[in-house]
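**Q** One structure follows; several queries about it will come next.
The values are calculated or read from the model by the stated rules, or taken from the named source; none is laboratory data. This structure is a prediction, so every number in the text was calculated from the model and none was measured. Cβ: placed from backbone, ideal geometry, glycine included. Neighbour counts: every protein chain shown.
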Amino acid sequence: MAWLLNLVYQAWSTPGFVFDDKEYPDKTARAFGLSQYYWVDPTKIPVSGHQTTTKRVPDVFPMCGCNAVSQRFKDLVEEFEPGVHQFMPLKLRFKSGEPLPQMYYVFNCAVAFDAVLIEPSGIHWQVYEEIDRPYVRLPTSKSVTLSAPRIGSHHLWIGLYLRPNGYGVFCSDAFQKQLKKRKIRFLEQVHCPELDIPWRAEDNIQPALDWEAKHGEPLGARLKLRAEILKLRGKPSL
């Protein structure tokens, strides 16, 4: 059993923090929700922010384009996958100017692979006929079926070709149980069943692979940028 985690964009879940970002004009650099699919340049992410309301501050909440997560969330992630994901320090202040009692971070889930099984999930590839480009729509707040062998021992990851809108991340059942046990809030949590079926590219993303073979480049701007950054960082296979 696995889960899909999403940021919660509601008035009751959003404590009203904004970045102190005058020195960080490139807002597209942090437009990734919970994951950018690849390494993020920390020098482009603001390092501080302040609250504009007096609402209670949860462990996880949206910031402009991305997120803020507490030390408690970071500690949990590091217990499961130490040194795998990015946590960029974020000093937050209450509206009064006082610093928050615990450290916060901008989190980037750095593991990306596909585990969604197309047919059992009841979804299928379509084509934008005007540009001859394949696409697939995955539900944002409904479950999809995943391949247990493909997930293996992973605990946090995002899909590449097969990802729900909103840049949510998948997590293992063990990780979700600890989220619940430790009352780390707020993340929308959608249960995703697993099947003991191997994940094969030809069964799930063949239209995308065919398009890439024809055009000689990754399908979509984010996949192109990901390939470029991984190549620059000497990790083309991630």
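**Q** Among residues belonging to the stretch 155-166 that are within 24 Å of Leu209 (Cα to Cα) and crowded, with 18+ Cβ neighbours inside 10 Å, point out the one that is modelled with the highest pLDDT.
**A** Taking the stretch 155-166 first, the residues within 24 Å of Leu209 (Cα to Cα) are 157-166.
With the extra rule that they be crowded, with 18+ Cβ neighbours inside 10 Å, the set shrinks to 157-164.
Details: Trp157: 96, Ile158: 93, Gly159: 92, Leu160: 91, Tyr161: 92, Leu162: 92, Arg163: 84, Pro164: 77.
Taking the candidates together, the pick is Trp157.
**Q** Then there is this: If Phe94 passes every condition in (1) more than 22 Å from Leu230 (Cβ to Cβ); (2) without any contact (Cβ under 8 Å) to a residue 12 or more places away in the chain but one, which one does it miss?
**A** Every listed condition holds for Phe94 apart from (2).
**Q** Report yes if some residue within the stretch 117-135 is small (Gly, Ala, Ser) and in contact (Cβ under 8 Å) with a residue 24 or more places away in the chain; otherwise report no. Before the answer, list the steps.
**A** Quick first cut of the stretch 117-135, residues small (Gly, Ala, Ser) only: 121-122.
Cutting the leftovers down to in contact (Cβ under 8 Å) with a residue 24 or more places away in the chain gives us 121.
Yes - at least one qualifying residue is present in the stretch 117-135.
**Q** Find all pairs meeting these conditions: Cβ atoms under 7 angstrom apart; at least six residues apart or on different chains; first residue within the stretch 20-48 and at positive phi; second residue not small (Gly, Ala, Ser).
**A** Close Cβ pairs satisfying both conditions: Gly33/Leu7; Gly33/Cys66; Gly33/Asn67; Gly33/Tyr167; Tyr37/Ile158; Tyr37/Leu160; Tyr37/Arg222; Tyr37/Arg226.
**Q** Separate question: Considering only the stretch 190-206, how many residues are at pLDDT 95 or above and of a type in the set (Val, Ile, Thr)?
**A** The qualifying residues number 2.
**Q** Here is a follow-up. Which of the residues spanning the stretch 123-166 are outside any loop (DSSP other than H, G, I, E, B), closer than 22 Å to Phe32 by Cβ and in contact with a helix residue (DSSP H, G or I) (Cβ under 7 Å, 6 or more places away or on another chain)?
**A** Once the filter is applied, which keeps residues that are outside any loop (DSSP other than H, G, I, E, B), closer than 22 Å to Phe32 by Cβ and in contact with a helix residue (DSSP H, G or I) (Cβ under 7 Å, 6 or more places away or on another chain), the stretch 123-166 yields only Leu156.
**Q** Would you confirm, using the coordinates I've provided, whether Gln51 is surrounded by 14 or more Cβ atoms within 10 Å (Cβ to Cβ), farther than 22 Å from Lys180 by Cα, among the polar types (S, T, N, Q) and modelled with pLDDT of 95 or more? Full working, then the answer.
**A** Values: surrounded by 14 or more Cβ atoms within 10 Å (Cβ to Cβ): yes; farther than 22 Å from Lys180 by Cα: yes; among the polar types (S, T, N, Q): yes; modelled with pLDDT of 95 or more: yes.
Answer is yes for this residue.
**Q** Pairs needed: first member in the stretch 65-85, without any contact (Cβ under 8 Å) to a residue 24 or more places away in the chain; second member anywhere, buried (at least 19 other Cβ atoms within 10 Å of the Cβ) and not charged (D, E, K, R); C-beta distance under 7 Å; at least 6 residues apart or different chains.
**A** Final answer for the pair search is none.
**Q** Is one or more of the residues making up the stretch 202-224 out of contact with any Gly (no Cβ under 8 Å at 6 or more places or on another chain), over 24 Å from Met63 (Cα atoms) and assigned to a strand (DSSP E or B)? So that I can check it myself, show each step before the final result.
**A** Taking the stretch 202-224 as the starting set, the residues that turn out to be out of contact with any Gly (no Cβ under 8 Å at 6 or more places or on another chain) are 202-224.
Within this subset, residues satisfying the condition of being over 24 Å from Met63 (Cα atoms) are 202-220, 224.
Cutting the leftovers down to assigned to a strand (DSSP E or B) gives us none.
No, because not a single residue in the stretch 202-224 is out of contact with any Gly (no Cβ under 8 Å at 6 or more places or on another chain), over 24 Å from Met63 (Cα atoms) and assigned to a strand (DSSP E or B).
**Q** Scan the stretch 167-188 residue by residue and report those that are in contact with a helix residue (DSSP H, G or I) (Cβ under 6 Å, 6 or more places away or on another chain) and either surrounded by fewer than 14 Cβ atoms within 10 Å (Cβ to Cβ) or assigned to a loop (DSSP other than H, G, I, E, B) (or both).
**A** Of everything in the stretch 167-188, just one residue is in contact with a helix residue (DSSP H, G or I) (Cβ under 6 Å, 6 or more places away or on another chain) and either surrounded by fewer than 14 Cβ atoms within 10 Å (Cβ to Cβ) or assigned to a loop (DSSP other than H, G, I, E, B) (or both), namely Ile184.
**Q** When you check Met63 against the structure, is it aliphatic (A, V, I, L, M) and under 18 Å from Tyr24 (Cα atoms), yes or no?
**A** yes
**Q** From the list Tyr9, Tyr104, Tyr24, which one is in contact with a strand residue (DSSP E or B) (Cβ under 8 Å, 6 or more places away or on another chain), surrounded by fewer than 20 Cβ atoms within 10 Å (Cβ to Cβ) and not acidic (Asp, Glu)? Lay out the reasoning, then the answer.
**A** On the way: Tyr104 fails: surrounded by fewer than 20 Cβ atoms within 10 Å (Cβ to Cβ); Tyr24 fails: in contact with a strand residue (DSSP E or B) (Cβ under 8 Å, 6 or more places away or on another chain).
Just one listed residue meets the conditions, Tyr9.
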